[in-house]
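Report on one structure; see the data block that follows.
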Amino acid sequence: MSKNFNPDKQHTLKKSVNISGTGLHTGILADMSLKPANAGFGVKFQRVDLPNKPVIKADCDLVTDTSRGTTLEANGAKVSTVEHLLAALVGMGVDNCLIEINGPEVPIMDGSSMPFIEIIEEAGVEEQDAAKVWYSIDENLYLTDEDKRVEMVIMPAREYQITTLIDFNSPVLGTQHAELKTMRNFKDKISTCRTFCFLHELEMLLDHNLIKGGDVNNAIVVVDKPVGEAELERLKKIFKKEDIEVKSEGYLNNLELRFPNEPARHKLLDVVGDLALIGYPVKGRVIANRPGHSTNIAFAKLIKKHIKANKHIKDIPNYDPTTPAVYDLQYIEKTLPHRFPFLLVDKIVDLTDEKIIGIKNVTFNEWFFQGHFPGNPVMPGVLQIEALAQCGGILAINLSGEGQYDTYFLKIDNCKFKQMVKPGDTMILKMELTAPIRRGICEMHGTVYVGNKVATEADLVAQIVKR
């Protein structure tokens with residue numbers, strides 16, 4: 001990511017780029033094209049070699065296999081080993097991309113994300129005119145799998161951070177950990193780290209003809225038991241290499257590690273790729289002990305479920321009655337030409353150049369309760385809209401510079417009343433600019449919250465007129 005990369009905007013590629021390679025498990029050569037996509041498109045795979053060219057969204061709910069990598073399946077098509085490519089897209093800040101592929105498996109390349117990073121850099125990353133909406137985790141979420149001895153947690157944090165710990169009871173690997181404090185470091189510290197497996201796993205996979213695209217250059221093979229001459233001869237034939245041997249540290253074929261803890265860093269890379277399938281950009285700190293693809297995907301589903309259950313309250317302003325007001329009632333009366341009983345904003349608690357948040361405490365003594373549903377007091381919806389308009393008027397007048405101004409309604413659209421407002425409720429009034437103010441015309445989206453629920457919302461247009 002460049003220094004001027006804006007993480008709060010969506011990004012895509014500047015142009016299409018291509019890469020070809022063999023799938024690790026299928027051994028099938030595939031050509032893959034990464035293409036720019038519109039804001040909000042997300043990441044999708046398209047099997048261009050199949051009839052009707054089916055599209056598969058990068059979504060944890062579409063994962064059908066995690067035994068040897070992560071496989072997505074939808075619309076009668078599947079694509080496997082997607083995690084290293086997805087990690088590269090996340091690491092480079094690419095939100096929207098169409099991946100066309102003419103085979104069932106993403107090429108393994110060297111077993112890391114670096115080849116994909118390189119083609120993304122070749123294409124260039126382009127900022128789009130759309131906000132990237134982050135979901136900030138607000139409570140600890142846990143996943144444990146006692147059989148696999150896996151523990152995962154995501155905790156509130158200001159950035160997306162990941163720590164992985166691995167312990168396979170291996171004298172070669174020992175206990176390792178890796179961490180990523182900011183996604184800006186992904187390229188340099190994580191992306192070059194290659195996949196790894198143990199020799200006994202390799203033997204099982206070979207016996208079942210399951211790694212047809214395997215090569216000593218795309219995986220670190222850990223040898224944690226003595227290897228006889230017969231086994232070495234077999235490996236030489238499989239990999240078509242005469243110089244296969246075991247180094248004293250217990251790695252096959254004199255492979256130079258890129259980092260002393262490269263296996264732990266690759267596990268972190270896998271976590272980045274698999275959690276990309278949540279489908280929402282997340283701010284939180286992940287700690288993963290002995291993670292694997294199956295638990296990564298289970299964790300992604302857990303986080304996605306939490307986000308969907310709580311998404312509606314993500315934008316609710318945090319109102320603390322003990323915090324001093326930005327503007328009190330005296331200031332509001334100086335700004336607005338409204339007085340009791342028609343002044344419907346008690347105080348302003350937040351104000352920027354794009355939004356304002358006001359408070360209206362609804363009491364049983366309000367004048368309108370005498371004649372509006374007597375015996376069953378309900379605040380009239382039109383007065384809720386008026387309260388929003390007064391709140392928005394303060395923002396508009398605040399942005400208008402010197403002099404005194406009034407605001408007048410021009411239009412109300414998409415107005416919805418979702419919950420009754422009754423005595424004792426505290427209305428949190430939020431007004432957000434949806435377009436820059438031009439020629440005195442102000443467009444805003446207004447929302448009334450009561451507790452953690454939306455009571456009323458509408459799109460409002462007003463004109464600012466100098467007195």
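The values are calculated or read from the model by the stated rules, or taken from the named source; none is laboratory data. What you see is a predicted model, and the numbers here were worked out from it, not measured in a lab. When we count neighbours, we look across all protein chains shown, and the Cβ atoms used for this are built from the backbone with ideal geometry, even at glycine.
Just one of (1) out of contact with any strand residue (DSSP E or B) (no Cβ under 8 Å at 6 or more places or on another chain); (2) modelled with pLDDT under 90 fails for residue 377. It is (2). Looking only at the stretch 147-178, filter to residues that are buried (at least 19 other Cβ atoms within 10 Å of the Cβ) and out of contact with any Pro (no Cβ under 7 Å at 6 or more places or on another chain); which one of those is farthest from residue 292 (Cα to Cα)? Taking the candidates together, the pick is 160. A search for C-beta distances below 9 Å between a residue of the stretch 77-92 that is touching a residue at least 24 places away in the same chain (Cβ under 8 Å) and surrounded by fewer than 24 Cβ atoms within 10 Å (Cβ to Cβ) and any residue that is assigned to a helix (DSSP H, G or I) and not hydrophobic (A, V, I, L, M, F, W, C), counting only pairs 6+ apart in sequence or on different chains, returns 90/273; 92/121; 92/187.
Every residue, every condition in (1) surrounded by fewer than 14 Cβ atoms within 10 Å (Cβ to Cβ); (2) assigned by TED's automatic domain parsing to the domain that holds residue 148; (3) under 30 Å from residue 423 (Cα atoms), yes or no:
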site	(1), (2), (3)
270	no, yes, no
274	no, yes, no
290	no, yes, no
293	no, yes, no
321	yes, no, yes
338	no, no, yes
341	yes, no, yes
345	no, no, yes
352	yes, no, yes
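Each row is one residue, and each column tells you yes or no for (1) in a loop (DSSP other than H, G, I, E, B); (2) at pLDDT 95 or above; (3) under 23 Å from residue 111 (Cβ atoms); (4) over 19 Å from the mean Cα position of the chain (by Cα).
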site: 151; (1), (2), (3), (4): no, yes, no, yes
site: 161; (1), (2), (3), (4): no, yes, no, no
site: 179; (1), (2), (3), (4): no, yes, yes, no
site: 188; (1), (2), (3), (4): no, yes, yes, yes
site: 191; (1), (2), (3), (4): yes, yes, yes, no
site: 202; (1), (2), (3), (4): no, no, yes, yes
site: 217; (1), (2), (3), (4): yes, no, yes, yes
site: 224; (1), (2), (3), (4): yes, no, yes, yes
site: 227; (1), (2), (3), (4): yes, no, yes, yes
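Taken over the stretch 17-54, the criterion of being of a type in the set (A, V, I, L, M), assigned to a loop (DSSP other than H, G, I, E, B) and surrounded by fewer than 19 Cβ atoms within 10 Å (Cβ to Cβ) is satisfied by 28, 39, 48, 50.
Determine, yes or no, whether residue 363 is over 22 Å from residue 335 (Cα atoms), surrounded by fewer than 18 Cβ atoms within 10 Å (Cβ to Cβ) and in contact with a Pro (Cβ under 8 Å, 6 or more places away or on another chain). Answer is yes for this residue.
Among the residues examined, residue 407 qualifies as of a type in the set (Ser, Thr, Tyr), in contact with a helix residue (DSSP H, G or I) (Cβ under 7 Å, 6 or more places away or on another chain) and on the phi < 0 side of the Ramachandran plot. Looking only at the stretch 367-385, residues that are buried (at least 18 other Cβ atoms within 10 Å of the Cβ) and in a loop (DSSP other than H, G, I, E, B) come to 2 in all.
Assess whether residue 454 counts as being in a strand (DSSP E or B) and at negative phi. For residue 454, the condition - in a strand (DSSP E or B) and at negative phi - is met. Restricting attention to the stretch 323-336, the residues that are in a loop (DSSP other than H, G, I, E, B) and surrounded by fewer than 10 Cβ atoms within 10 Å (Cβ to Cβ) add up to 1.
In the condition set (1) assigned to a loop (DSSP other than H, G, I, E, B); (2) touching a strand residue (DSSP E or B) at 6+ places or on another chain (Cβ under 8 Å); (3) among the hydrophobic types (A, V, I, L, M, F, W, C), residue 364 is compliant with all but (2). Residues of the stretch 392-424 that are of a type in the set (Asp, Glu) and farther than 16 Å from residue 445 by Cα: 402, 406.
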